[in-house]
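The values are calculated or read from the model by the stated rules, or taken from the named source; none is laboratory data. Since we're looking at a predicted model, the values are computed, not measured. For neighbour counting, all protein chains shown are included, and Cβ atoms are generated from backbone atoms with ideal geometry for every residue, glycine included. Protein only, heavy atoms only, side chains kept; ligands, DNA and RNA dropped before computing areas. Shrake-Rupley method; radii C 1.70, N 1.55, O 1.52, S 1.80 Å.
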Amino acid sequence: QVQLVESGGGLVQPGGSLRLSCAASGSFYRINYMGWYRQAPGQERELVALISWLGNTQYSDSAKGRFTISRDNAKNTVNLQMNSLKPEDTAVYYCNVQTLSAYWGQGTQVTVST
């Protein structure tokens, strides 16, 4: 079983920055993938960014060039640095990790608004 604790959401003005963090704990050998997804009201949950154990990354088209995902394998943490935020980035952001199974965090609200 894996427990995830997210932090870092909040309200920010357009053009601003936020940093999301997620810490994993529990019983596992290795976290193969760590990622961030988001879900806006009335929308399906979508991938934002993903990072492998070796550090290979994948970004959605909307995140490319603005967001950066990173992880610390020793601490089992994953971060998402979000810059140049836009109102359309407003959503609940979920941490996801994949060991032998997939686990989700509780979600953290990100609101981009004046």
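Please compute, for the alpha-carbon atoms of the chain, the extent along each of the three principal axes and give them in descending order in Å.
Principal extents (Cα only, largest first): 43, 24, 22 Å.
With θ set to phi - 60° and the Karplus curve 6.51 cos²θ - 1.76 cosθ + 1.60, what are the ³J(HN,Hα) couplings of the stretch 28-42 in order, to the nearest whole Hz, using x for Gly and Pro?
Each residue of the stretch 28-42 in turn: 7, 7, 7, 8, 5, 10, 10, x, 10, 10, 9, 9, 8, x, x Hz.
What number comes out for accessible area per residue over the chain if the probe is 1.4 Å? Units Å², please.
54 Å²
Taking K and R as +1 and D and E as -1, what net charge do the other residues with C-beta under 12 Å from the C-beta of Thr108 add up to?
Net of charged neighbours comes to +1.
Using modelled backbone amide H atoms (1.01 Å from N, in-plane), which distant-in-sequence or interchain residues come within less than 5 Å of Thr90's amide H?
Here the answer is Val112, since their amide H atoms fall under 5 Å of that of Thr90.
Relative contact order (percent) for the chain, with alpha-carbon contacts under 8 angstrom and 6 or more residues of separation?
RCO, the chain: 36 percent.
For the chain, with a Gaussian network of springs between Cα atoms less than 10 Å apart, report the residue from Leu85, Leu11, Leu50 with the top mean-square fluctuation.
Checking each option, the largest mean-square fluctuation is seen for Leu11.
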